[in-house]
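The values are calculated or read from the model by the stated rules, or taken from the named source; none is laboratory data. Because the structure is a prediction, the values reported are computed rather than measured. Cβ placement follows ideal geometry from the backbone for every residue including glycine, while neighbour counts extend to all protein chains displayed. SASA here: full protein model, heavy atoms, side chains in, ligands and nucleic acids out. Shrake-Rupley method; radii C 1.70, N 1.55, O 1.52, S 1.80 Å.
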Amino acid sequence: MSRLKSNAAAVLQDLLQDGMTLAVGGFGLSGIPADLIEAVRDSGVRELTVVSNNMGVDGKGLGILIEAGQVRKVIASYVGENRLFAEQYLAGKLEVEFTPQGTLAERLRAGGAGIPAFYTKTGVGTLVAEGKPLAEFDGETYVQERAIRADVALVHAHTADTDGNLIYRYTARNFNPVVATAGAVTIAEAEVILAPGQLDPNHIVTPGVYVQHLVQASDRVKDIEQRTVRPRAAAPVPA
């Protein structure tokens, strides 16, 4: 059955509510569902809990939700590129739950797999483990981490078919696959959308069973956090 919808705003209008939890794919500004994030901003929904590797930068990516005052809590592994985020956090306007990057990925994966919790050594003896159950296995101490399930998951894929099967390209294959499985409802935007049967099944990363809605991604410049360049060496002069 086709998951393809006409636009992101129409899909999100019936799904978003104040106080809900959003899981968002991407890594910084790489592989983020930019159209879907903008649609969330335009909806005006507030008091959101956002689960993502990080919160983008000022004025771009998930940073636009911070800028609009729509986020109450963030569960992330890194937030160092966003000045407004830091200001709101230090002012007590924003709650932050820092999670080691691998642990965050596993919490999302576990949520998608129906695993309520797991144990890991990462964070034992640090602030990360405060207030969490500890257990000993084979003489080593582990901390319990709870799985993450989101009300709505937003992901960006390079190629999809109308049945919702997704293929990611390059760095976009970061948090997008685990986020896609962790949502009660998952919405994907894709740059290329094909008819059913046109994708090689061996190349599909996220099966369409995890995706409820699909929209066409707009053709836009793909931002990065920082661009560092250096002059090219002069080409040798032919003899």
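Scanning region 149-165 for residues that are closer than 28 Å to Ala117 by Cα and surrounded by fewer than 23 Cβ atoms within 10 Å (Cβ to Cβ) turns up Arg149, Asp151.
Of all residues in region 10-42, those satisfying the criterion of being more than 13 Å from Val152 (Cα to Cα) and open to solvent by 60 Å² or more (accessible area, probe 1.4 Å) are Phe27, Glu38, Arg41, Asp42. I need the full set of residues from region 166-180 which are outside any loop (DSSP other than H, G, I, E, B), open to solvent by 30 Å² or more (accessible area, probe 1.4 Å) and out of contact with any helix residue (DSSP H, G or I) (no Cβ under 9 Å at 6 or more places or on another chain), in order please. Those that are outside any loop (DSSP other than H, G, I, E, B), open to solvent by 30 Å² or more (accessible area, probe 1.4 Å) and out of contact with any helix residue (DSSP H, G or I) (no Cβ under 9 Å at 6 or more places or on another chain): Tyr170, Thr171. Taking every residue in region 37-57 that is more than 22 Å from Arg83 (Cβ to Cβ) and pairing it with any residue that is open to solvent by 10 Å² or more (accessible area, probe 1.4 Å) and in a strand (DSSP E or B), at least 6 positions away or on another chain, the pairs with Cβ-Cβ distances below 8 Å are Glu47/Arg72.
Return yes when Asp151 is among the acidic types (Asp, Glu) and closer than 26 Å to His203 by Cα and no when it is not. Considered against the rule, which asks whether it is among the acidic types (Asp, Glu) and closer than 26 Å to His203 by Cα, Asp151 comes out as no.
Scanning region 190-226 for residues that are in contact with a helix residue (DSSP H, G or I) (Cβ under 6 Å, 6 or more places away or on another chain) and among the aliphatic types (A, V, I, L, M), which turns out farthest from Ala150 (Cα to Cα)? Among residues in region 190-226 that are in contact with a helix residue (DSSP H, G or I) (Cβ under 6 Å, 6 or more places away or on another chain) and among the aliphatic types (A, V, I, L, M), the one farthest from Ala150 (Cα to Cα) is Ala217.
Each residue in region 106-135 was checked for being open to solvent by 30 Å² or more (accessible area, probe 1.4 Å) and of a type in the set (A, V, I, L, M, F, W, C), and 8 of them qualify.
Residues of region 194-209 that are buried (at least 20 other Cβ atoms within 10 Å of the Cβ) and not small (Gly, Ala, Ser): Thr206 alone.
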